[in-house]
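This report refers to the structure that appears directly beneath it.
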Amino acid sequence: MASSDKSCLYFIKTNLLVILTLIGVIIGFAIGISVRELHPSTDALMWIGILGELYLNVIKMMIVPLVASSIISGTASLDPRFNGKISLVGISFILITNFFGTILGTVLCVVINPGGRSSQLGTVSAAKTNIQTQDVFADLLRNILPENLVAATFRVTMTKYEIGDRIVNTTTNGTHSQDVINFIKSKKLGTSNSVNMLGILVISSFFGMATAATGKIGRPFYKFFYAATEIVLVILEKILWLTPIGVASLIMREVAGADDLQGNFMRLGIFIGTFMLGQIIALFIVLPIIYVVIVRRNPLKFFASLAEPMLIVLATTLTSIAMPESLRKLEGPYNKIDKRVTRFIVPLNAAIGRTGSCIFLSASCVFISQLENQDQNAGSIVLIVLLVTLMSFAVPSIPSGSLVTIIILLSAIGIPPEAASLLFAFDWFSDRMRSVTNIYFQCLTSAVTHKVCKSSLRSIYDNGKADMHGDIEGETIIPMVDENEKEQIETRAEFISV
């Protein structure tokens, strides 16, 4: 009896934030539906959602420091001299799978159209703004390399148009009619008050790669941003405890002010189905095909061998917590993956491997833009794909970390983050589903890397050019962070996550 009580208390302790968030969702829907019957004014809706607005503001405040510090420290730690071929194969496969997840989520959401936008709405929007695809791509390139690093934190470059009206008289079968056609009188390069996330990502990557290239000289710079990343994550960890209050406030406002509540619920249900379809395709179709083609082994046994790490992730939503069990299973009797591969690839994957999250992020951005009746042309879709792929390397390794990233992405593409409040309602479910996909693709990366690098690993071992600790041709690669410092940071990170 005592053991069952302890298990129950442990479950409540480890899932307290999820439980409180679910309570917040229920309260938000209940009060929102009740208030909706009173037809609240705009001012009343503002005060109902003020706590949620403040919650989002606090998260948005951490956007630039989180992205810049995590990208710089992440890219700086990837020394191409260390396990050269393993690094190249592993990082390339992670990038490919993240990009695949982004494409899959985007395509499914565009094709299924869960936001319920009609072709008429898209036509009206396009006619109203007359946005030219070439200008969207030109703005994209300008924002990739901004001229001012400081301005990129609060300003994005965009082409602005001066629209004119032209009356056209037409005669059809003796019937005269007048049509008003919009045309671009002039266009000029302007700016908009928004974070240039693409520019910050690229610039931060440059700084990180340059830091790695300088070796010992760049260690103080790396340590600063490594510490900054840890500090920001601690702040976000504390902020996320405000999620139940913020979610309740946002849902109350959205439900109380919704014109078509039933339609919104229906669209959300279709989106959940779209998201789950993407996870199923990735996990049960694409992953087995890759495993059979490259590794040439039974994927069912691969799935079964990783049941324990999967259950840990399902309970905690953190792939980093399942890392010890993942290492044990990958190096175990069935998978038999070389430790030199797993000890490098598994931690790297836990930091940046986000296939399931990319499906969710890209689908969410397209879904919210559909709900907001934003025009979806080739340029906007390419922008979403690029941003999600790059931002996948900066998703915080904390529960519901993708929701923080969604707020960043929506701000970057000019959509109010408040529009994502409906996604908070089922994050307890989606977080677990995308985390399961993440852990399986992370383990797949180790299997693929081991298979591709197997001959090289055997050659290196036989020739004595490298030992199990990463010495290459007599030269020991000095890590950017000392081992005792790294152990302290990892211990504290585990304490925070629990």
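The values are calculated or read from the model by the stated rules, or taken from the named source; none is laboratory data. No experiment lies behind these values; they were computed from the predicted model shown. Positions of Cβ are generated from backbone atoms using ideal geometry, with glycine treated the same way; all protein chains shown enter the neighbour counts.
Scanning the range 290-341 for residues that are among the hydrophobic types (A, V, I, L, M, F, W, C), surrounded by fewer than 16 Cβ atoms within 10 Å (Cβ to Cβ), over 21 Å from residue 89 (Cα atoms) and at pLDDT 80 or above yields 300, 304, 307, 311.
In the range 412-471, the residue that is modelled with the lowest pLDDT out of those that are within 17 Å of the chain's Cα centre (by Cα) and polar (S, T, N, Q) is 421. Scanning the range 351-375 for residues that are in contact with a Pro (Cβ under 9 Å, 6 or more places away or on another chain) and under 20 Å from residue 437 (Cα atoms) returns a single hit, 363. Taking residue 208 as the residue in question, decide whether it is surrounded by fewer than 14 Cβ atoms within 10 Å (Cβ to Cβ), of a type outside the set (A, V, I, L, M) and more than 19 Å from the chain's Cα centre (by Cα). Spelling it out, it is not the case that residue 208 is surrounded by fewer than 14 Cβ atoms within 10 Å (Cβ to Cβ), of a type outside the set (A, V, I, L, M) and more than 19 Å from the chain's Cα centre (by Cα).
Please pick out the residue among 152, 127, 138 that is closer than 30 Å to residue 74 by Cβ, out of contact with any helix residue (DSSP H, G or I) (no Cβ under 8 Å at 6 or more places or on another chain) and either at pLDDT below 60 or not acidic (Asp, Glu) (or both).
On the way: 152 fails: out of contact with any helix residue (DSSP H, G or I) (no Cβ under 8 Å at 6 or more places or on another chain); 127 fails: closer than 30 Å to residue 74 by Cβ.
That would be 138, the only listed residue that is closer than 30 Å to residue 74 by Cβ, out of contact with any helix residue (DSSP H, G or I) (no Cβ under 8 Å at 6 or more places or on another chain) and either at pLDDT below 60 or not acidic (Asp, Glu) (or both).
The helices (runs of 4 or more DSSP H) found wholly in the range 1-106 include none carrying at least 2 residues that are modelled with pLDDT under 85, touching an Asp or Glu at 6+ places or on another chain (Cβ under 6 Å) and under 30 Å from residue 444 (Cα atoms). Only one of the listed residues (245, 270, 235) is in a helix (DSSP H, G or I), out of contact with any strand residue (DSSP E or B) (no Cβ under 8 Å at 6 or more places or on another chain), within 20 Å of residue 113 (Cα to Cα) and of a type in the set (Val, Ile, Thr). That residue is 270. The numbered conditions (1) under 20 Å from residue 351 (Cα atoms); (2) β-branched (Val, Ile, Thr); (3) touching a residue at least 60 places away in the same chain (Cβ under 8 Å) are all true for residue 243 except (1). If the condition is being assigned to a helix (DSSP H, G or I) and either surrounded by fewer than 23 Cβ atoms within 10 Å (Cβ to Cβ) or touching a Leu at 6+ places or on another chain (Cβ under 8 Å) (or both), then the range 251-260 contributes 251, 253, 254, 255, 256.
Any residue at all in the range 233-250 that's polar (S, T, N, Q), in contact with a helix residue (DSSP H, G or I) (Cβ under 6 Å, 6 or more places away or on another chain), modelled with pLDDT of 85 or more and surrounded by 12 or more Cβ atoms within 10 Å (Cβ to Cβ)? Yes, the range 233-250 contains at least one residue that is polar (S, T, N, Q), in contact with a helix residue (DSSP H, G or I) (Cβ under 6 Å, 6 or more places away or on another chain), modelled with pLDDT of 85 or more and surrounded by 12 or more Cβ atoms within 10 Å (Cβ to Cβ).
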